[in-house]
Amino acid sequence: MSIQLNETAPDFTARTTEGDIRFHQWLGDSWGVLFSHPADFTPVCTTELGAVARLKPEFARRNVKVIGLSVDSLDKHRAWMGDIAETQGCALNFPLIADDDRKVSTLYAMIHPQADGTHTVRSVFVIGPDKKIKLTLTYPASTGRNFDELLRVIDSLQLTAKHKLATPANWKQGEDCIIVPAVTNEEAKKLFPKGFKEIKPYLRKTPQPV
Ligand code: BEZ
């Protein structure tokens with residue numbers, strides 16, 4: 001069964017490069033990103049872990065904890081970390097789950113047998129402070145993910161969690177947002193003092209609140 005939006009992220013215990021964790025306890029009140037890699041000592045995964053390590057301050061600024069997963073052992077992860085530090089200009093600075101028994105990858109349906117029977121695909125789960133799944137992404141092994149896009153989506157999710165707003169195609173921080181259809185024009189006048197533009201009755205835009 002796949003993991004679906006707004007269900008509670010399954011809790012688990014795991015061994016990681018930063019010690020044993022219980023997932024929900026480790027998340028605490030933060031947002032979380034759990035993302036899987038097909039295997040250690042593979043080229044695309046090496047670049048992805050380096051990219052996320054370099055972006056750690058951006059995740060921290062948004063109160064997001066990141067955690068990776070690969071179906072290899074802790075010993076193998078530790079050996080691979082040396083290569084990541086050597087080649088990516090940044091050492092691994094977040095935990096990597098050693099899922100060699102495939103417990104977590106099975107729980108999160110990260111193994112897609114039609115793609116690869118033993119390794120995970122590139123799954124991403126964004127989890128809110130309420131432990132609910134806010135976003136899922138699935139990429140094939142051959143395509144490295146765009147982590148700037150992940151930050152953009154988190155910005156949108158966090159905006160929506162705070163205001164009755166959605167974000168349009170290709171939205172970026174600072175651009176106009178969309179007032180959700182459940183909000184009437186009367187309510188919108190109170191909620192969004194900067195005003196709004198009604199392009200169609202169902203398409204209303206307002207400047208991003210600060
Ligand atoms: C990689 O991470 O480079 C990779 C892993 C599995 C298949 C293809 C590429």
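The values are calculated or read from the model by the stated rules, or taken from the named source; none is laboratory data. If you're wondering where the values come from, they're calculated on a predicted model, not measured in any experiment. Every residue, glycine among them, receives a Cβ derived from its backbone with ideal geometry; neighbour counts consider all protein chains shown. To get the accessible areas, we keep the full protein, side chains included, count just its heavy atoms, and leave off ligands, DNA and RNA. Shrake-Rupley method; radii C 1.70, N 1.55, O 1.52, S 1.80 Å.
Points worth noting:
- Members of segment 15-26 that are at negative phi and either hydroxyl-bearing (Ser, Thr, Tyr) or open to solvent by less than 40 Å² (accessible area, probe 1.4 Å) (or both): Thr16, Thr17, Ile21, Phe23
- Flag for Asp75 being in a loop (DSSP other than H, G, I, E, B) and more than 16 Å from the ligand (Cβ to nearest atom): no
- Exclusive hit being at pLDDT 95 or above and under 15 Å from the mean Cα position of the chain (by Cα), set Ala9, Ala14: Ala9
- Tally, over segment 115-145, of residues that are free of Cβ contacts under 8 Å to residues at least 12 places away in the same chain and either more than 15 Å from the ligand (Cβ to nearest atom) or surrounded by 15 or more Cβ atoms within 10 Å (Cβ to Cβ) (or both): 1
- When residues of segment 27-69 are limited to those that are of a type in the set (Gly, Ala, Ser) and open to solvent by less than 10 Å² (accessible area, probe 1.4 Å), the one farthest from the ligand (Cβ to nearest atom): Gly32
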